[in-house]
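Worksheet: one structure, shown below.
The values are calculated or read from the model by the stated rules, or taken from the named source; none is laboratory data. Remember, predicted model here, so these are calculated numbers, not experimental data. Cβ sites come from the backbone with ideal geometry, for glycine too, and all protein chains shown count toward neighbours. For the accessible areas, the whole protein counts, side chains as well, though only heavy atoms, and no ligand, DNA or RNA atoms are used. Shrake-Rupley method; radii C 1.70, N 1.55, O 1.52, S 1.80 Å.
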Amino acid sequence: MFKVTQLMTAGALALGTMIGSARAADTVKVGVLHSLSGTMAISETSLRDVLLFTFDEINAKGGVLGKKIEPVVVDGASNWPLFAEKAKQLLEEDKVAVTFGCWTSVSRKSVLPVYEKNNGLLFYPVQYEGQEESKNVFYTAEAVNQQATPAIDYLLEQGYTKFYLIGTDYVYPQTTNLVLLEYLLSKKVPIENIGGGFKKDESGKIISAGKYTPFGHTDYQQIVSEIKQFSAGGKTAVVSTLNGDTNVPFFKEYAAAGLTAEIAPVVSFSISEDEFRGLPAKQLVGQLGCWTYFQSIKSDANKEFVKNFQKWLKTTTVPGIVKEGRVTCSPMVLSYDGVYLWKAAVEKAGSFDVDAVRAALQSGLSFDGPGGKVTTQKNMHLTKNVFIGETTAKGQFKILKEFKDVYGEPWLLGKFKAE
Amino acid sequence: MRTYIRLIFTTLTLWLAASSSLSAAEPRATLVEAMLADNDARKIELITSLAGEVDESIKPLLIAWREDGLYLYEPSGATPVPVQLTGEKDADDARAAVRVDTGAPLVDAEGKPVHLVAGDLNAVEHTSMLRRAMKGVLDLIDIGSPDAKKRLQAIQTIGFAQETDKIPAFQKRLAIEENSKVRRALREAIAVTQLKDPSDAVKLAAVKELKELHSLSSYDLIRTAMREADAAKSTELATEAKAALVAIDNHKSNINFFGTLFRGLSLGSILLIVAIGLAITFGLMGVINMAHGEMIAIGAYTTYLVENIFGAGITIPFFGFSLAIPGMNTTGAFYQTYFLFALPLSFLTAAVVGIGLERSIIRFLYRRPLESLLATWGVSLLLQQGLKLMFGSNNVQVSSPSYLSGNWTVNDIIFGWNRVFVIGFAGLIVFGVWLILTKTPLGLLIRSVMQNRGMASCMGVRTERVNMLTFGLGSGLAGLAGAFISQIGNVGPSLGQNYIVDCFMTVVVGGVGNLAGTIYSALGIGLVDQSLQQILLNPVLGKILVLVAIILFLQWRPSGLFVTRSRNLDD
């Protein structure tokens, strides 16, 4: 009996591909380039899921320019050279019209030359450090001024005067913290009130601010005791760009040292609802997050989006997809927004041609997404709303403050000058 | 005339009675108003206005609010009523509701008391700003609290606000305070507040006091005072402030020295408990077991399972089947004991898996170390995938029992209970292993087989069986390590991978085949790691330097700290 079902499934699949190729003329190929295995799979599979959901949603309404979207899903396997190879395959063999993908900055940097050489178009959805602007990448991602600096504004407004910077040792935290250092100094926060340590080059210029730990670091005793001393005088906030599961030992140690959100809150830029699935939510209550979307946004568009995604999860036949306990988060919504913006641009341009689509994107298209209205900019970034939230025991964010229509600004290093 | 007087008198009495009952209800009414107010600023204003009220009934209500213990009862159409649920749960899980505004039981239209289920209601919301305001109010109530810990916290919070009008209250308390820690906090609070005093003489005295107390938390405030004094050209004060800063800095380096010692010891203990199992399987038996890390992961997942069984139960997709394990739904103190049950169980589970591994694969590879390395590496990949299939590729949440998540602060040095526990735990494990190896018949057999297998076999020792039990012991110890690691770090399918390098490093540095060497090397590596982090102020560089130091050390002493002398002709 088991074998019969297997045979039937295989047959159906074969038939499906045959029909697919027969209909090739009515479809447009779209690339999905994420890590479905390796260390980043935990985060990136969610983005694949939401992209497939979005394609199904658009296809159900008639597709793009009358053509159904045909996803070409490839696995970057958390391996950066492999990302470049897969990008090459998508552009040169599959001839995709657009690609949605990448999470880490290093994967984006790896595929960048491939997209520039082939004049492809990549939509990049995850908060990043800026200092980059390619005509072949559209950044739906949060720029530093759409996440980190609004968070600092909020903390300053709340009366915090001392800031401790901590992050994982790679390009996003390092660059973000340098921008934050300039920003804090420009806001007249004295340099001795910025904790975590500095590294200077021979000329005395600060080249690194804050405390860094390697990926997968587990021992935060030393750093937490330093934070405890630093925060002894009160009014201290910790600004964390720690990535991934190192947050668990960090927050466990933080709680064990008697530090709480009321004594010294931690504002994290890398923990979204999706990451909460593996974190001890109870120990994080009251800590802050800052994103351009939270699942708890109470708009109709968001309720609809969350409901439809959950419904899609129940019916989907994607092999190996996790169906239980799923949530939505900012990188997912920015992926979703990206697909709709691309669709709008294609329809405005009347063609799938990358140059025409780019011109349409740069002309300022708007889309009412789950996180509110987003508008494309000439510099290939998005204007969007920014939210500050505090975490609840259920692993969600309660929204404390909203900044409306923040312009995405990638070039921030050296922009804020202390007077 | 008399009727008039009587009338006036009655009115007066009534009015007095009414006003007195009004003032009793007032703080509660203010609290309810704060809960229902539509903006945070107004809420904070109302909460802060409670600070002057000396009403003990407000305190439990504020605490309940902060901890999601107050609910909104929202009858359709009417304004919501904040209520607190009290008494025992009845058959429907409902409890009697008490109105927050009056303290009287909530009644329905017919006057019958209403029973509500917490799960059906929305808790009254609060944000960090509100909680901070509530804390302010609670702190003021707490200065006179019978609990010394609460007094201490309250005094520190209020003291650092530097409000000069609070000094009399502090001095009054200082006169009667007996607890030495609270006395210190009071002196600190008074001195810190006096730094705001306009008179230089008062400031000077305050700085001297703070210098004597070497108060860490007033460092910034003294620095500010020093700058102000510099600007105002009051040299004496500036010099004294500078001296105070130096004194505090010295105190800081003392704390850091002892803190680092303690942290090094605790890191060393973690290395020791993860490596001691490997020291037995690799060191004593000579089996290169690459799946040792997965044994740790199995222990950690066992703890996770036990926690869920004590809680609401869990469903595991078990290779196509769905295995539902019911939970015991325990709460409170009993739930917290789950960890004590998890410890032996994680030992047993890992030991059983280890014995299975030994019986099915390793026993064929005793004389072929390279093959055992490859085979166990394959097993490690299999086990990882198995864990992924059963528990998903995401990390799972294991919450620490409360007795492992506090800390104990002596003279500004933090001793986290989880860290104190790990040191004790490592000590116990070492003692246990020593007992087994030296005081039991099994230990005697193990040692004889390790020293000379052939001779032991000739003497009638069933070496096969001893091998199996020894391997089980090593694996079980790894399981114990996993149970502990679940309390301080991540529990995920790749947990083992994060520790396997540390394990081999520790055992090799200690000298293969020598348990004492493992102990010394674990503690040594822990101390060196923490000191380097402290000196270099950089964990990344610290980690690299530790590895470089180990490589150099092994160049100098290739067989580790302790060389095992053997009578074997092969060696």
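Please count how many residues of segment A:37-80 are touching a Lys or Arg at 6+ places or on another chain (Cβ under 7 Å) and of a type outside the set (Asp, Glu).
So the count comes out to 7.
The residue of segment B:500-512 that is modelled with the highest pLDDT, among those that are open to solvent by less than 20 Å² (accessible area, probe 1.4 Å) and not hydrophobic (A, V, I, L, M, F, W, C), is B:THR506.
If you go through segment B:140-154 and pick out every residue that is of a type in the set (A, V, I, L, M) and open to solvent by 50 Å² or more (accessible area, probe 1.4 Å), you end up with 1.
What do you reckon, is A:LYS95 touching a strand residue (DSSP E or B) at 6+ places or on another chain (Cβ under 9 Å) and assigned to a loop (DSSP other than H, G, I, E, B)?
Yes: the conditions hold for A:LYS95.
Each residue in segment B:91-118 was checked for being without any contact (Cβ under 8 Å) to a residue 12 or more places away in the chain and more than 19 Å from B:ALA64 (Cβ to Cβ), and 7 of them qualify. Checked against the criteria, A:ALA301 does not count as in contact with a strand residue (DSSP E or B) (Cβ under 9 Å, 6 or more places away or on another chain), under 18 Å from A:GLU57 (Cβ atoms) and free of Cβ contacts under 8 Å to residues at least 40 places away in the same chain. Identify, from the list A:GLU304, A:GLU275, the residue that is facing chain B (nearest Cβ under 10 Å) and of a type in the set (Asp, Glu). Residue meeting the stated conditions: A:GLU275. Given the condition at pLDDT below 85, within 26 Å of the chain's Cα centre (by Cα) and open to solvent by 50 Å² or more (accessible area, probe 1.4 Å), answer yes or no: does some residue in segment B:155-164 qualify? So far as segment B:155-164 goes, yes, one or more of its residues are at pLDDT below 85, within 26 Å of the chain's Cα centre (by Cα) and open to solvent by 50 Å² or more (accessible area, probe 1.4 Å). So, in segment B:169-186, exactly how many residues are within 27 Å of A:ILE227 (Cβ to Cβ) and buried (at least 20 other Cβ atoms within 10 Å of the Cβ)? Here the count works out to 3.
In segment B:491-509 there is no residue matching the filter, namely being under 24 Å from B:LEU404 (Cα atoms), away from every other protein chain (no Cβ under 14 Å) and touching a residue at least 24 places away in the same chain (Cβ under 8 Å). Scanning segment B:117-135 for residues that are open to solvent by 20 Å² or more (accessible area, probe 1.4 Å) and under 25 Å from the mean Cα position of the chain (by Cα) gives B:HIS126, B:MET129, B:ARG132, B:LYS135.
Listed by position, the strands (runs of 3 or more DSSP E) enclosed by segment A:180-244 that each have at least 1 residues that are over 27 Å from the mean Cα position of the chain (by Cα) and of a type in the set (D, E, K, R) are A:198-200.
Rundown of residues vs (1) open to solvent by less than 60 Å² (accessible area, probe 1.4 Å); (2) over 30 Å from B:ALA351 (Cβ atoms); (3) small (Gly, Ala, Ser); (4) within 14 Å of chain A (Cβ to nearest Cβ), yes/no style:
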| site | (1), (2), (3), (4) |
| --- | --- |
| B:ALA481 | yes, no, yes, yes |
| B:GLN487 | yes, no, no, yes |
| B:ILE525 | yes, no, no, yes |
| B:VAL546 | yes, yes, no, yes |
| B:PHE553 | yes, yes, no, no |
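Looking at segment B:192-225 only, could you name the residues that are hydrophobic (A, V, I, L, M, F, W, C), more than 36 Å from the chain's Cα centre (by Cα) and open to solvent by 30 Å² or more (accessible area, probe 1.4 Å)? Matches in segment B:192-225: B:ALA201, B:VAL202, B:ALA205. Could you list all residues from segment B:507-561 that are over 30 Å from the mean Cα position of the chain (by Cα) and more than 30 Å from B:SER448 (Cα to Cα)? Within segment B:507-561, B:VAL548, B:ALA549, B:ILE550, B:ILE551, B:LEU552, B:PHE553, B:GLN555, B:TRP556 qualify.
The residue pairs whose first member lies in segment A:254-267 and is more than 10 Å from chain B (Cβ to nearest Cβ), whose second member is of a type in the set (Lys, Arg), and whose beta carbons are closer than 9 Å, counting only pairs six or more residues apart or on different chains, are A:ALA264/A:LYS162; A:ALA264/A:LYS228; A:ALA264/A:LYS235. Test A:PRO71 against the criterion of being closer than 28 Å to B:GLY492 by Cα, more than 18 Å from the chain's Cα centre (by Cα) and open to solvent by 40 Å² or more (accessible area, probe 1.4 Å), and give yes or no. Against the criterion (closer than 28 Å to B:GLY492 by Cα, more than 18 Å from the chain's Cα centre (by Cα) and open to solvent by 40 Å² or more (accessible area, probe 1.4 Å)), A:PRO71 does not qualify. Screening B:SER145 on (1) in a helix (DSSP H, G or I); (2) away from chain A (no Cβ under 14 Å) shows it passes everything except condition (1). Name every residue in segment A:172-208 that is more than 14 Å from chain B (Cβ to nearest Cβ) and of a type in the set (A, V, I, L, M, F, W, C), in order of residue number. Of everything in segment A:172-208, those that are more than 14 Å from chain B (Cβ to nearest Cβ) and of a type in the set (A, V, I, L, M, F, W, C) turn out to be A:LEU178, A:VAL179, A:LEU180, A:LEU181, A:LEU184, A:LEU185, A:ILE206.
The residues of segment A:198-234 that are touching a strand residue (DSSP E or B) at 6+ places or on another chain (Cβ under 7 Å) and either under 30 Å from B:SER494 (Cβ atoms) or not assigned by the TED database to the domain that holds A:THR176 (or both), listed by number, are A:SER208, A:GLY210, A:LYS211, A:TYR212, A:THR213, A:PHE215, A:ILE223, A:SER225, A:ILE227. Identify, by number, the condition in (1) more than 9 Å from every other protein chain (Cβ to nearest Cβ); (2) surrounded by 23 or more Cβ atoms within 10 Å (Cβ to Cβ) that A:TYR212 doesn't meet. It fails just one condition, (1). Among the helices (runs of 4 or more DSSP H) confined to segment B:332-427, the ones with at least 2 residues that are within 14 Å of chain A (Cβ to nearest Cβ) and within 24 Å of B:LEU495 (Cα to Cα) are located at B:369-391. Determine whether segment B:454-472 contains at least one residue that is open to solvent by less than 10 Å² (accessible area, probe 1.4 Å) and either modelled with pLDDT under 90 or farther than 30 Å from B:LEU345 by Cβ (or both). So far as segment B:454-472 goes, yes, one or more of its residues are open to solvent by less than 10 Å² (accessible area, probe 1.4 Å) and either modelled with pLDDT under 90 or farther than 30 Å from B:LEU345 by Cβ (or both). Restricting attention to segment A:223-251, the residues that are open to solvent by 10 Å² or more (accessible area, probe 1.4 Å), facing another protein chain (nearest Cβ under 7 Å) and not hydrophobic (A, V, I, L, M, F, W, C) add up to 6.
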